[in-house]
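**Student:** Sharing a structure here in structure tokens format.
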Amino acid sequence: MTATRIQKKICMLGIFGVGKTSMVRRFVFEKFDDSYLSTIGVKVNQKILPPQENSEHKMIQHNLLIWDIEGFDDKTKPLNNYFIGSAGALVVADLTRMESITSLPTIFETFQAVAPEAKLVLVGNKMDLVDKEAPTLVELTQFAAEGDIAFLPTSAKTGENVEAAFQKLGLLLAD
Amino acid sequence: MAKTKPDNGNPDRLAALKDILLKDDQERVDALEAEIRSLRGQLADKQLLVERLADILPQVLDLNVRHSRNEIVDILNPIIAEGIRQQTGNNSDDLAETLAPTIRKSIEYQFENSRDRLTEVMAPIINDGIKHQVSTAKEDIVDALYPIMGRMVSRSVAEAMKKLANNINQKMNSTFRFEAWKRRFRARVMGVNPGEAVLAGALPFEVEEVYLISRQSGLLIAHAVNDLHEDHQTDALVIGSMLTAIKSFVEDAFEEGEEHDGVLNEIGHTKQSLNIDTSKYSYLAVVYNGVPGPDFKDKLQAQHHQIHERYYRQLRDYEGDNSALLEVEADLRQFIKKVYSV
Ligand SMILES: Nc1nc2c(ncn2[C@@H]2O[C@H](COP(=O)(O)OP(=O)(O)O)[C@@H](O)[C@H]2O)c(=O)[nH]1
Ligand SMILES: [Mg+2]
């Protein structure tokens, strides 16, 4: 039985420098150069996930259109229009910077105002740079637990959990 | 690592985007950009804004009252109903519904009889009036701005084009002297390279690709390419999304409200052009070569309309599964063939 191909738009969210672009780059083979990212503040990449069974026991295969969206700093604010039609988001925090965690509520709020139904996975990136007791990791784990949000520590540098994070989102999208 | 831009990021980014997209047309665009910047500056400057507002207020009021009285009333209607509901408690929906039409009538009456009161009501709408002024300059800029699809879509085709253009360049240098001179002249005036100008003149009209894109998410619902060219299906998905993103960006950069979605409708390029027809749930984007016949836009619109009629529900409920819409691709291929000879 062949799997049904289903396209989904997902967004990469998080303040500048947390590793959104690095995570995407780890995950996909990029076709277009980055000039679009720095000018219009978004760049789209595509990745086909492995086949999986959805909640109705049908075989499906997600074709993710990944919108890597710049910003969420004091200086830049992404266009809310970029969030429209998103089925999910990978929200990225940086385990070496507490401000990437304190910014999360605003990010969630802004995004969910536009895409309330979207599925979310939260990652604490740059895990290669911190140890297990790092206050940022503790804080983030707690934040995720309180909000009942799927959470994974990742490293775009070593590649650890990057694939897993996208696949986790894929699972949620199939529900 | 690229540094993030300051507050007024959009004009800067716009400049950068233009850099990427069109080096040749830069001068023309620079002038237009300066104009836009000044307009945006005026919008940002409160004092100036007030002055400008005072200038155009009477016109805007006049226009709006004459043309959109019904719309204004329609907008106010639910708000007033809600107000009454709040005043009279939760169980007064009926009351609100009963009163609303009456109040609507009364407002209509006011519109006809009292200019001063009108001003209060109109305040939020005036903003749109200003946007409209900005959009006059914007049309020119958008026209000049976006050969993006040419860049993104055409790689393989562009290669072939380049070869052809080179051949023609050689020809021009040896034979048809006078013709060549005319073309060169035209090319200089038009700012394209002479080979390309010949190409533009010689190229028969031909639809290259058609994209049906979900309007909100940018997901690609259906895609068809001219048989003569290789399929770009893999890129097509990303292109559909990027096109949607660029559209959003441009609309935002020009301070356009959501009600004006048709901003980026045409993307000109020396060899390839893009035309986008927008309807409720989708864009129909057509990449073509050469000069289309006068009724091309109508045909495009009609095709889109037909798709909408036939697949209304599927388009409305679209969530990324194309299997219920496979037949659309056949329609699009038909469309490519049909308009071929226009
Ligand atoms: N050590 C380490 N560095 C990372 C990791 N992810 C990203 N970086 C670095 O962090 C910086 C910002 O990454 P980038 O992907 O551009 O962040 P973005 O602004 O969120 O897209 C770059 O210098 C990356 O090389 C990671 O997991 N570990
Ligand atoms: Mg980035």
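**Student:** Rounding to the nearest 10 and keeping the result within 0 to 90°, find how far the Cα-based axis of helix A:135-147 lies from the longest principal axis of chain A.
**Tutor:** Once rounded, the angle reads 50 degrees.
**Student:** OK, next. Given a 1.4 Å probe, show me the residues in the range A:7-30 buried by at least 20 Å² of accessible surface when comparing the whole protein assembly to the chain alone.
**Tutor:** When all protein chains are present, A:7, A:8, A:9, A:16 each give up 20 Å² or more of accessible surface.
**Student:** Distance in nm between label sites at residue A:98 and residue A:25, each 7 Å beyond Cα in the beta-carbon direction?
**Tutor:** Roughly 2.9 nm, to one decimal.
**Student:** Once fully extended, how much extra length lies between residue A:172 and residue A:138, figured as 0.36 nm per residue of separation less the alpha-carbon to alpha-carbon distance?
**Tutor:** Working: separation 34, 0.36 × 34 = 12.24 nm, distance 2.40 nm.
My answer for the length gained is 9.8 nm.
**Student:** Follow-up question, since we're still on this one. So if I take the alpha carbon set of the range A:4-174, get Rg, then get Rh from the Kirkwood formula, what is the Rg over Rh ratio? If you can, show how the numbers build up before the last one.
**Tutor:** Numbers: Rg = 15.1 Å, Rh = 16.1 Å.
Computed over Cα atoms, the ratio is 0.94.
**Student:** Probe of 1.4 angstrom, ligands and nucleic acids ignored: what's the accessible area per residue over the range A:4-174, in square angstrom?
**Tutor:** 42 Å²
**Student:** Here's something else I'd like to know. Would you mind telling me the share, in percent, of accessible area of the range A:4-174 contributed by carbon and sulfur at probe 1.4 angstrom?
**Tutor:** Solvent-exposed carbon and sulfur of the range A:4-174 make up 52 percent of the total.
**Student:** What is the extension gain from residue A:59 to residue A:149, computed as 0.36 nm multiplied by their sequence separation minus the C-alpha to C-alpha distance, in nm to one decimal?
**Tutor:** Extending this stretch completely gives an extra 29.9 nm.
**Student:** Separate question: List the accessible area buried at the contact between A and B, summed over both sides and calculated with a 1.4 Å probe, in Å² to the nearest 100. Could you put the intermediate results ahead of the total?
**Tutor:** Details: alone 9220 and 19890 Å², together 26040 Å².
Interface between A and B: roughly 3100 Å².
**Student:** What pairs from A:119/B:247; B:297/B:337; A:43/A:132 go past 22 Å between their alpha carbons?
**Tutor:** Beyond 22 Å: A:119/B:247; A:43/A:132.
**Student:** With each pseudo-label sitting 7 Å past Cα toward Cβ, what's the residue B:323-residue B:337 distance in nm, one decimal?
**Tutor:** 2.8 nm
The values are calculated or read from the model by the stated rules, or taken from the named source; none is laboratory data. Treat the numbers as computed from the prediction; the structure is a model and nothing was measured. Glycine also receives a Cβ, built like all others from the backbone with ideal geometry; neighbour counts cover every protein chain displayed. Accessible surface areas use protein heavy atoms only, side chains included; no ligands, DNA or RNA. Shrake-Rupley method; radii C 1.70, N 1.55, O 1.52, S 1.80 Å.
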